[in-house]
Amino acid sequence: MTVHDAARRLPPIADLRQLCRALAMLDAILSPDREGRYHSFDAGWADGEEMASMRNGLGDEYSIVFSAAGACVRGFDREAPMSPYNNDGEPWPGVIDEVPEVFEPFVAEPAFTDEDDVPVVTACLWREVTDDRWRHGAIDFPTGRYDPDGAAGLFELLVDPSPEAFQRFAEEYYEVPVDLEAVRAVYALQPLSQQLVSSLNAEVTLADLAGDIAGIGYPQSAPAAEGDRNGQG
């Protein structure tokens, strides 16, 4: 798979944003230690912008910036033949050459470049709100490589937005059983209950997750009525 295949399989912007929030919330529940998390979502990354991200702890990562203009996806596979570090310190031709002007600030964003201001990218996609599909550059891929830009590994859970795919990933990554019905509930962005949280991680409470819920922008239950809080009907 390459970024061209990923473009055909990625969900629309709104669905991708929902999926990314669900992935981040699930990882927050499964991994109280932030440093051990695979997926994150920052609903207040910048003024009018949100960012979803993945880091596998081995140097591979992606970042997705959601803005009023649309969404821009940047992926980096450290071992991909299309890495800038295998191309004289320059992004592979075509990967970011055609990024629309509205998304160019994300390409040059310091968080996505190295100490020499080189964009850390092997795969890039974008979709403006007026687009009917995800777009990418015209790229001459290296021959004889299954995953030349890293798209297959980087975007696996994005192009297969099913709870079953996350369950398989999480059971392997976290090495614990993962309740599929609970995953389905979070994928649907159902407000969290203690029962739901406990079905995924018995050692985590809703209070523990308060900061993550706010940071992700995950939906919360409506406040109880005054009578309910006082135990009255």
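For this structure, a couple of remarks:
- For segment 61-82, the set of residues classified as surrounded by 20 or more Cβ atoms within 10 Å (Cβ to Cβ), under 16 Å from residue 139 (Cβ atoms) and not aromatic (Phe, Trp, Tyr) consists of 73, 74, 75, 77, 80, 82, listed by residue number.
- When the criteria are applied in full, residue 73 fails the requirement of being within 19 Å of residue 154 (Cβ to Cβ), of a type in the set (Val, Ile, Thr) and either in contact with an Asp or Glu (Cβ under 7 Å, 6 or more places away or on another chain) or in a loop (DSSP other than H, G, I, E, B) (or both).
Per-residue answers, yes or no, for (1) under 19 Å from residue 150 (Cα atoms); (2) in contact (Cβ under 8 Å) with a residue 24 or more places away in the chain:
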| residue | (1), (2) |
| --- | --- |
| 71 | no, yes |
| 88 | yes, no |
| 101 | no, no |
| 129 | no, yes |
| 132 | no, no |
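- Qualifying residue in segment 118-125 (condition: within 18 Å of residue 82 (Cβ to Cβ), in contact with a strand residue (DSSP E or B) (Cβ under 6 Å, 6 or more places away or on another chain) and surrounded by fewer than 18 Cβ atoms within 10 Å (Cβ to Cβ)): no
Residue by residue, here is whether (1) touching an Asp or Glu at 6+ places or on another chain (Cβ under 8 Å); (2) of a type in the set (A, V, I, L, M, F, W, C); (3) crowded, with 18+ Cβ neighbours inside 10 Å; (4) within 25 Å of residue 76 (Cα to Cα) holds:
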site: 143; (1), (2), (3), (4): no, no, no, yes
site: 172; (1), (2), (3), (4): no, no, no, yes
site: 178; (1), (2), (3), (4): yes, yes, yes, no
site: 188; (1), (2), (3), (4): no, yes, no, no
site: 193; (1), (2), (3), (4): no, no, no, no
site: 199; (1), (2), (3), (4): yes, no, no, no
site: 205; (1), (2), (3), (4): no, no, no, no
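- Subset of segment 41-56 [touching a residue at least 60 places away in the same chain (Cβ under 8 Å) and closer than 24 Å to residue 78 by Cα]: 41, 42, 54
- Residues that are assigned to a helix (DSSP H, G or I) and either among the β-branched types (Val, Ile, Thr) or more than 26 Å from residue 57 (Cβ to Cβ) (or both), drawn from segment 170-193: 181, 183, 184, 185, 186
- Residue list for segment 125-137, restricted to those being of a type outside the set (Ser, Thr, Tyr) and part of a loop (DSSP other than H, G, I, E, B): 129, 131, 132, 133, 134, 136, 137
- Scanning segment 138-168 for residues that are touching a residue at least 24 places away in the same chain (Cβ under 8 Å) and outside any loop (DSSP other than H, G, I, E, B) returns 151, 152, 153, 154, 157, 158, 159, 163, 166.
- When segment 91-124 is limited to residues that are within 19 Å of residue 135 (Cα to Cα) and part of a helix (DSSP H, G or I), the one that is modelled with the lowest pLDDT turns out to be 107.
- Hits in segment 90-102 (condition: closer than 21 Å to residue 2 by Cα and either surrounded by 15 or more Cβ atoms within 10 Å (Cβ to Cβ) or in contact with an Asp or Glu (Cβ under 8 Å, 6 or more places away or on another chain) (or both)): 91, 92, 93, 94, 95, 96, 99, 100
- Checking each residue in segment 34-60 for being part of a strand (DSSP E or B) and surrounded by 20 or more Cβ atoms within 10 Å (Cβ to Cβ) picks out 39, 40, 41, 50, 51, 52, 53, 54.
- Members of segment 194-211 that are in contact with a Leu (Cβ under 9 Å, 6 or more places away or on another chain), more than 20 Å from residue 166 (Cβ to Cβ) and assigned to a helix (DSSP H, G or I): 194
- A residue that is within 24 Å of residue 135 (Cβ to Cβ) and crowded, with 19+ Cβ neighbours inside 10 Å can be found somewhere in segment 8-15.
The values are calculated or read from the model by the stated rules, or taken from the named source; none is laboratory data. On a predicted model such as this, the values are computed, not experimentally measured, just so you know. Because the Cβ atoms are built from the backbone with ideal geometry, glycine has one as well, and the counts that use them run over all protein chains shown.
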